[in-house]
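Everything below concerns the one structure shown next.
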Amino acid sequence: MGTVDVGYLMPHRSTMAHLVRQHAYGVGVQGVIQTNGEKQWHHDFNLPSIHAGISYFNLGNTEVLGNAINLTTGLYLPYLKKNGFSFGSQLSAGMSYFSKKYDLEDNPKNNAIGSHINICVDLGFKIEKQFQKHSLGFAIGMKHMSNGAYKLPNLGVNLPYLSLNYTYFLHPLRFLEEPIIGRVGQQAKSWRFYTQLVGSVKEIYPTGGNRHGVLALTNYTHYKFTPKCIVEGGVDVIYNATIVKYNGGNHGKEKNIQLGLYGAYVLPIHQIQLLVGMGRYVYNPLDPAGMWYHKFGGRFKITEKIWANVSIKSHWAKADYFEYGLIYRW
């Protein structure tokens, strides 16, 4: 699949207004796997497609922001599909390389990106028309690129965009009306219990300081209502070594401990789970960023008992840190 994108840098802080110069534009090449209906989850999601590829973006301010090269993988999940036309959600995630980052001497105006390597998340909506061996699509979406406070500054880049894409399939598209393979994994109307261990690192201001570790243990349970709906609740016990440092360092290390309760909606897609959640601290003695926190990310099956987790924890629109974890299913 080939894509052509045009967009603009959206300054979500007043201190980023100087970064906006021109429209951003990009091109990309992706490999696409169109599901054919042989598995039940193909039908659950209206015959989605899977894509992975590379894209190049000129961010509209090459002097300060440079260019971005993204390596991403994702899904197109149609809500509606009829006579070759479809409309649905397009989502992807991966790594982003920025050619320019903040530097106190050489690039002090770049207050958005503090590292060359960042995470890229892309969410949007797409209209597509499929033919026997071709497809044409139009998408509107938002790209977000940042490093989750691993290296400051980390305001991140938000890029609303419009996209045109063309796909050529090596073989004519054929779809099975009935699946050959049934659903895999947890059945609907059932409970599951999990334990997750998370590790991360983050930096706090002033820019250029030391990085500090984060360790978290989460116990959670979820209930699967339907093949596409899981509701989850959990308890987070967090040791965040930046909290005392952020508050001047005049406290004992026990003040780095936080305890939170959260709830989440989880979308299960075959061997993947996508999560959007919100929580509140019940123990947060130094309160560095408010009492409410949020989670957004994905989980990936390794074995029947072991899953991997990559998500971002934030306080509203301010990233706290990335959560890298392993999960055990009881």
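The values are calculated or read from the model by the stated rules, or taken from the named source; none is laboratory data. Note that this is a predicted model, so its numbers are computed, not measured. Glycine also receives a Cβ, built like all others from the backbone with ideal geometry; neighbour counts cover every protein chain displayed. Side chains included, ligands, DNA and RNA excluded: accessible areas come from the protein's heavy atoms. Shrake-Rupley method; radii C 1.70, N 1.55, O 1.52, S 1.80 Å.
What are the pairs with Cβ atoms under 6 angstrom where one residue, in the range 95-109, is closer than 11 Å to residue 64 by Cβ and the other, located anywhere, is surrounded by 21 or more Cβ atoms within 10 Å (Cβ to Cβ) and of a type in the set (S, T, N, Q)? Sequence gap at least six, or different chains.
So the pair list comes out as 102/110.
Provide a single number: the residues in the range 62-89 that are among the polar types (S, T, N, Q), surrounded by 20 or more Cβ atoms within 10 Å (Cβ to Cβ) and farther than 17 Å from residue 27 by Cα.
1
Residues of the range 107-149 being of a type in the set (A, V, I, L, M, F, W, C), under 13 Å from residue 96 (Cα atoms) and in contact with a Gly (Cβ under 9 Å, 6 or more places away or on another chain), which ones?
Passing the criteria: 113, 119, 120, 121, 145.
What is the one condition in (1) open to solvent by 60 Å² or more (accessible area, probe 1.4 Å); (2) under 23 Å from residue 319 (Cβ atoms); (3) not in a strand (DSSP E or B) that residue 97 does not satisfy?
Single failed check for residue 97: (3).
Before we move on, is residue 128 acidic (Asp, Glu) and part of a loop (DSSP other than H, G, I, E, B)?
no
Are there any pairs with C-beta distances below 8 angstrom linking a residue in the range 16-30 that is without any contact (Cβ under 8 Å) to a residue 12 or more places away in the chain to a residue that is surrounded by 15 or more Cβ atoms within 10 Å (Cβ to Cβ), with the two at least 6 apart or on different chains, and if so which?
17/11
In the range 43-52, how many residues are open to solvent by less than 20 Å² (accessible area, probe 1.4 Å) and not in a loop (DSSP other than H, G, I, E, B)?
So the answer is 2.
Testing residue 94 on (1) in contact with a strand residue (DSSP E or B) (Cβ under 8 Å, 6 or more places away or on another chain); (2) at pLDDT below 95, one condition comes back false. Which one is that?
(2)
Can you run down the residue pairs with Cβ atoms below 8 Å, 6 or more apart or on separate chains, where the first is in the range 188-201 and in contact (Cβ under 8 Å) with a residue 24 or more places away in the chain and within 25 Å of residue 226 (Cβ to Cβ) and the partner is open to solvent by less than 60 Å² (accessible area, probe 1.4 Å) and in a loop (DSSP other than H, G, I, E, B)?
Taking only residues 6 or more apart or on different chains, the pairs are 188/227; 192/186.
Taking into account only those residues within the range 193-215 that are open to solvent by 50 Å² or more (accessible area, probe 1.4 Å), out of contact with any Ser or Thr (no Cβ under 7 Å at 6 or more places or on another chain) and in a strand (DSSP E or B), which is farthest from residue 155 (Cα to Cα)?
That would be 197.
Residue 1: open to solvent by less than 50 Å² (accessible area, probe 1.4 Å) and modelled with pLDDT under 95, yes or no?
Yes: the conditions hold for residue 1.
Output the residues belonging to the range 132-152 that are in a strand (DSSP E or B) and more than 12 Å from residue 121 (Cβ to Cβ).
Residues satisfying the conditions are 134, 135, 136, 137, 138, 139, 140.
How many residues are under 12 Å from residue 29 (Cα atoms) and part of a strand (DSSP E or B) when one looks only at the range 1-15?
Matching residues across the range 1-15 total 4.
Pull up the range 303-330, narrow it to residues that are more than 15 Å from residue 236 (Cα to Cα) and among the β-branched types (Val, Ile, Thr), then point me to the one that is surrounded by the fewest Cβ atoms within 10 Å (Cβ to Cβ).
So the residue we want is 303.
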